[in-house]
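Before any comments, here is the structure.
No lab work stands behind these numbers, since they all come straight from the coordinates. Keep in mind that what you see is a predicted model, and the values were worked out from it rather than measured.
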Amino acid sequence: MDSIIDTVFEDARWLAFGLEGIAETAAAAVFTQLGLSPTGFLISLLACDDQRIAALNTEFRGKPVPTNVLSWPSEERAAEEAGGMPDLPEPGDAEDPEELGDIAIAYETCMREATDQGKDPREHVTHLMVHGILHLLGYDHIDDADAALMENLETRILAGLGIPDPY
């Protein structure tokens, strides 16, 4: 299978953690659940630390604190009505894949959350990757109906990977 994820490692701890493989597995699971072929799509992933993600969170969300994951869809795909299905993109091809957008993930925050919540770090990061990819595809959790749709989908995708319900 061609790579869905193009990863830039700013924090080498992610390389040792195996983030790229986790991200590829998460993306393949998302695409399978949604009935999309992963061939023809591309996601850019920034594997960074808390300092970098705090700067991004400040710049893009006005929140000067680190967070676990941020997503920037390449285009608006959200449903017009709350709780509706997003407008899923058409794939490109292997030479010219459809770029879905960018995700940044912060090492320290993810590891701290996993410890604080008593979760396996790899399972927690897999959940965050699924969450970020769904954002790129137009899913959101701004209102209750959208949150219910997104969380239910995340739970089903993770169950398919043998990961318990994170909620």
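Using 0.36 nm per residue, how much length does the chain from Glu108 to Asp6 gain when fully extended, once their Cα-Cα distance is taken away? Walk me through the numbers on the way to the answer.
Values: separation 102, 0.36 × 102 = 36.72 nm, distance 2.13 nm.
Result for the pair: 34.6 nm of gain on full extension.
How big is the shadow of the Cα convex hull of the chain, averaged over all directions, in nm²? Walk me through the intermediate numbers first.
Details: hull surface 37.6 nm².
Value for the chain: 9.4 nm².
Can you give me the Cα centroid spacing of segment 126-150 and segment 24-73 in angstrom?
Value for the Cα centre distance between the two parts: 11 Å.
Can you run phi through the Karplus equation (6.51, -1.76, 1.60; θ = phi - 60°) for segment 21-28 and list ³J(HN,Hα) in whole Hz, with x for Gly and Pro?
Taking θ as phi minus 60°, the curve returns x, 4, 5, 4, 4, 4, 5, 4 Hz for segment 21-28.
Would you mind calculating the relative contact order of segment 5-160 from Cα pairs under 8 angstrom and at least 6 residues apart, reporting the percent as a whole number?
Working: 268 pairs, mean separation 43.5, N = 156.
Once divided by the residue count of segment 5-160, the mean separation gives 28 percent.
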